[in-house]
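*Asks:* My questions will all concern the structure given below.
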Amino acid sequence: MCGIVAFKGNKEKTSEVIFEGLKLLEYRGYDSCGIGVIDNNEIKSFKWKGRVRKTEKRFIESKIKSPIAIGHTRWATHGEPNDVNSHPITSYNKKFAIVHNGIIENYRELKKILLEKGYEFYTETDTEVLVNFIELCVSNAKNIDKGISYALSKLEGAFGIVLIQRSNTDIMYAARKGSPLAFGRKGENFFIASDATPIIEYTKKIIYLDNGQLLKIDKTNFEVLDFELNKVPNKFQEVDVELQKVELGDFDSYMLKEIMEQPESLNQTMLGRIKNNKITLGGIHKYSKDLINTKRVIIIGCGTSWHAGLVAEYFLEKYLRVPVEVEYASEFRYRFPIINKGDIVFVISQSGETADTLEATRIAKKKGGILLGIVNTVGSSIARITDEGCYLHAGPEIGVASTKAFTSQLMLLLMIGAKTAYLKKNISIKKYEKMISELKRIPSKIEEVLELNNDIKKISKKIYKKNHALFLGRGNNFPVALEGALKLKEISYIHAEGYPAAEMKHGPIALIDSEMPVVAICTKSDEYDKMISNIREVGSRNAIVIGVIDKENEHVKDYLDFSILVPSTSKDFTPIINQIPLQLLAYHCAIFRGCDVDKPRNLAKSVTVE
Ligand code: F6R
């Protein structure tokens with residue numbers, strides 16, 4: 001899920017376009033970075049393990065000015081993140097250089113062919129196989145277009161690529177199968193990138209390449225072809241995306257900034273959608289009748305977005321009285337899922353680009369589901385292929401660990417659920433209005449939780465040296481436990497598990513001792529008394545027990561080593577509030593352990609490979 005930026009045009013602009021663009025794409029991967037240009041009839045690459053700024057500095061020092069360049073920020077899939085494996089990768093005979101996003105699944109077969117032809121390999125990447133295979137096919141075909149077309153037709157897997165040729169600074173190719181590529185043109189300046197953000201600084205008119213399309217840019221023009229070289233119609237679309245340069249302000253990290261921003265981001269999610277104590281959701285208005293009449297709801301997502309789907313499952317089943325299934329997108333897409341006409345499929349994704357979620361969406365759409373997107377990134381692939389949807393309006397989320405997007409996902413799903421339950425006449429107007437009033441109070445209640453930051457920091461100090469942690473919750477707070485554990489493990493590298501509290505005695509209780517901190521979510525709920533029993537079970541086995549409790553149940557403190565007292569809300573909405581202290585706990589543990597919370601190891605903000 002690497003990031004690509006390529007440019008052909010005014011050589012004075014090359015460095016700025018590539019490096020400013022790559023900085024915007026670092027969310028897609030950041031283990032290494034590179035730029036490839038043509039200079040004096042030679043392909044020259046500047047690429048290193050590390051962040052964009054390092055490569056930028058060295059490229060500027062080289063004083064090279066080239067009218068054509070391909071840039072890349074990598075998230076390793078084949079071969080460890082190091083200087084040699086970084087992109088661009090040059091072909092064996094130095095005729096081509098490529099940047100590649102995705103995975104070539106049949107690289108072993110292709111490599112065998114190349115080895116037989118005398119090719120040698122210097123990297124551990126599938127990308128090197130790809131560029132060498134293109135070089136071989138072009139040389140066999142004695143025609144660049146035909147050679148590329150033949151090579152593309154033989155590739156299995158997913159890819160977005162941009163290719164340059166040593167002998168011609170006028171020509172550049174880009175091809176897409178799976179991994180998104182956007183293209184823009186301003187006069188004689190041509191831009192290609194993995195998403196539109198690096199381009200919209202220069203033009204808002206974008207062509208998104210479809211799967212199976214090849215873009216060929218020559219001296220002054222371009223054409224979009226299919227992989228058999230037939231011309232395909234193309235149309236620039238105006239993208240409604242503003243480039244939001246996100247400043248850190250007084251914060252040390254985007255993660256902390258985004259945690260602290262949640263009262264505001266939640267207000268943004270509600271903005272214009274609650275009027276006169278009624279919920280209006282223009283984005284899915286067209287399908288409101290289908291939502292009322294549907295016999296089944298399916299929710300698809302990955303990671304944190306999947307957890308948001310799990311919370312929604314509790315709410316939607318309770319109030320809509322239809323079965324709700326929450327699916328990992330990666331499993332859903334490969335298991336011949338059954339979708340009936342009229343099934344509502346919510347697709348949850350912060351980035352709108354997650355490869356598994358995107359493909360699961362395509363499959364569900366083909367099978368006749370009604371696809372509704374719950375997406376943060378405006379104009380993203382998932383936002384574009386779903387039938388309708390509501391944006392989170394949470395603002396750009398830069399920290400790799402999802403925080404504010406999660407709470408906005410919950411807010412939006414609860415709003416959709418409350419409105420539909422009311423339209424279905426499953427809840428009275430009084431109950432509906434009560435729900436809305438409570439949802440409106442959530443941001444200010446979160447402000448109160450954020451004031452506990454210092455207390456949570458002190459609790460984190462007591463546990464950050466531990467190697468494991470267990471998070472327990474019941475009912476709609478079970479997904480909160482899962483999400484709490486995910487946050488802790490991904491940014492602090494402390495192994496953590498989330499469990500439904502009652503399941504603990506079926507196995508995990510064997511792990512409990514004084515080295516195992518247990519975080520128990522124990523705010524008001526129908527299973528409250530049972531949760532207290534579970535807390536006592538772990539407490540009596542010497543675990544350090546940290547409880548998230550609310551004002552109505554302060555007496556639980558007696559059974560806890562540390563308590564985090566959060567404001568009370570309706571039982572249905574506790575997950576939004578209870579998640580906040582767990583985000584802060586993970587953040588402080590990671591900082592105490594010296595981790596880079598914004599860019600945890602091995603992770604990327606947008607997972608655009610399988
Ligand atoms: C964890 C996290 C990931 C994402 C997952 C899906 O903090 O951020 O688990 O939630 O990769 O990403 P989106 O929501 O962009 O589809």
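Condition check ((1) among the charged types (D, E, K, R); (2) assigned by TED's automatic domain parsing to the domain that holds residue 348; (3) surrounded by 23 or more Cβ atoms within 10 Å (Cβ to Cβ)) across all residues:
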site	(1), (2), (3)
376	no, yes, yes
413	no, yes, no
417	no, yes, yes
431	yes, yes, no
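*Asks:* Yes or no: region 478-491 includes at least one residue that is more than 16 Å from the ligand (Cβ to nearest atom) and in contact (Cβ under 8 Å) with a residue 24 or more places away in the chain.
*Replies:* Among the residues of region 478-491, at least one is more than 16 Å from the ligand (Cβ to nearest atom) and in contact (Cβ under 8 Å) with a residue 24 or more places away in the chain, which makes the answer yes.
*Asks:* All but one of (1) surrounded by 21 or more Cβ atoms within 10 Å (Cβ to Cβ); (2) within 19 Å of residue 360 (Cβ to Cβ); (3) not small (Gly, Ala, Ser) hold for residue 291; which doesn't?
*Replies:* Answer for residue 291: the failing condition is (2).
*Asks:* If you don't mind, there's one more thing I want to ask. Only one of 225, 229 is at positive phi, at pLDDT 95 or above and either not in a loop (DSSP other than H, G, I, E, B) or not β-branched (Val, Ile, Thr) (or both); which? Explain how you work it out, then say what you get.
*Replies:* Working: 225 fails: at positive phi.
After ruling out the rest, the residue left standing is 229.
*Asks:* Look at residue 395 and say whether it is away from the ligand (no atom under 14 Å from the Cβ) and within 15 Å of the chain's Cα centre (by Cα).
*Replies:* Details: away from the ligand (no atom under 14 Å from the Cβ): yes; within 15 Å of the chain's Cα centre (by Cα): yes.
Judged against the criteria, residue 395 is a match.
*Asks:* Restricting region 54-82 to residues that are in contact with a helix residue (DSSP H, G or I) (Cβ under 8 Å, 6 or more places away or on another chain) and surrounded by fewer than 18 Cβ atoms within 10 Å (Cβ to Cβ), which is modelled with the lowest pLDDT?
*Replies:* Among residues in region 54-82 that are in contact with a helix residue (DSSP H, G or I) (Cβ under 8 Å, 6 or more places away or on another chain) and surrounded by fewer than 18 Cβ atoms within 10 Å (Cβ to Cβ), the one modelled with the lowest pLDDT is 78.
*Asks:* Here is a follow-up. Pick from region 108-142 the residues that are basic (Lys, Arg) and at pLDDT 95 or above: which of them is surrounded by the fewest Cβ atoms within 10 Å (Cβ to Cβ)?
*Replies:* 112
*Asks:* Using the structure shown, decide if residue 35 is touching a helix residue (DSSP H, G or I) at 6+ places or on another chain (Cβ under 7 Å) and more than 28 Å from residue 355 (Cβ to Cβ).
*Replies:* no
*Asks:* Residue 345 versus (1) at pLDDT below 95; (2) touching a strand residue (DSSP E or B) at 6+ places or on another chain (Cβ under 9 Å): which is the lone unmet condition?
*Replies:* It is condition (1) that residue 345 fails.
*Asks:* If you take the residues in region 344-365 that are closer than 18 Å to residue 313 by Cα and not hydroxyl-bearing (Ser, Thr, Tyr), which one is nearest to the ligand (Cβ to nearest atom)?
*Replies:* In this case the residue turns out to be 348.
Table: residues versus (1) outside the structural domain of residue 573 (by TED's automatic domain parsing); (2) modelled with pLDDT of 95 or more.
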position: 370; (1), (2): yes, yes
position: 392; (1), (2): yes, no
position: 408; (1), (2): yes, yes
position: 434; (1), (2): yes, yes
position: 444; (1), (2): yes, yes
position: 457; (1), (2): no, yes
position: 466; (1), (2): no, yes
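*Asks:* Tell me, which residue of region 192-237 that is in contact (Cβ under 8 Å) with a residue 24 or more places away in the chain and acidic (Asp, Glu) is farthest from residue 148 (Cα to Cα)?
*Replies:* Checked region 192-237; the qualifying residue farthest from residue 148 (Cα to Cα) is 201.
*Asks:* I'd like to verify a number: residues in region 285-311 that are more than 14 Å from the ligand (Cβ to nearest atom) and closer than 29 Å to residue 400 by Cβ, how many?
*Replies:* So the answer is 1.
*Asks:* Residues in region 587-596: is at least one assigned by TED's automatic domain parsing to the domain that holds residue 508, at pLDDT below 95 and farther than 30 Å from residue 156 by Cβ?
*Replies:* The answer is yes; a qualifying residue exists.
*Asks:* For region 396-409, which residues satisfy the criterion of being touching a helix residue (DSSP H, G or I) at 6+ places or on another chain (Cβ under 6 Å) and part of a loop (DSSP other than H, G, I, E, B)?
*Replies:* Within region 396-409, 397, 398, 399, 401, 402, 403 qualify.
*Asks:* Residue 342 fails exactly one of the following numbered conditions: (1) surrounded by fewer than 24 Cβ atoms within 10 Å (Cβ to Cβ); (2) of a type in the set (Gly, Ala, Ser); (3) within 21 Å of residue 482 (Cα to Cα). What is the number of that condition?
*Replies:* Status for residue 342: all satisfied but (3).
*Asks:* Any idea how many residues of region 63-82 are within 24 Å of the chain's Cα centre (by Cα) and of a type in the set (Ser, Thr, Tyr)?
*Replies:* 2
*Asks:* If you don't mind, another one. Scanning region 492-508 for residues that are away from the ligand (no atom under 16 Å from the Cβ) and surrounded by 18 or more Cβ atoms within 10 Å (Cβ to Cβ), which turns out farthest from the chain's Cα centre (by Cα)?
*Replies:* Checking each candidate, the answer is 504.
*Asks:* Residue 331 passes all but one of (1) buried (at least 18 other Cβ atoms within 10 Å of the Cβ); (2) under 25 Å from the mean Cα position of the chain (by Cα); which number fails?
*Replies:* Of (1) buried (at least 18 other Cβ atoms within 10 Å of the Cβ); (2) under 25 Å from the mean Cα position of the chain (by Cα), only one is false for residue 331: (1).
*Asks:* Quick test for you: out of 515, 554, 497, 490, pick the one residue that is of a type outside the set (Gly, Ala, Ser) and either in the same structural domain as residue 400 (by TED's automatic domain parsing) or in contact with a Leu (Cβ under 6 Å, 6 or more places away or on another chain) (or both).
*Replies:* On inspection, the qualifying residue turns out to be 497.
The values are calculated or read from the model by the stated rules, or taken from the named source; none is laboratory data. Because the structure is a prediction, the values reported are computed rather than measured. Glycine gets a Cβ as well: all are built from the backbone with ideal geometry, and neighbour counts include every protein chain shown.
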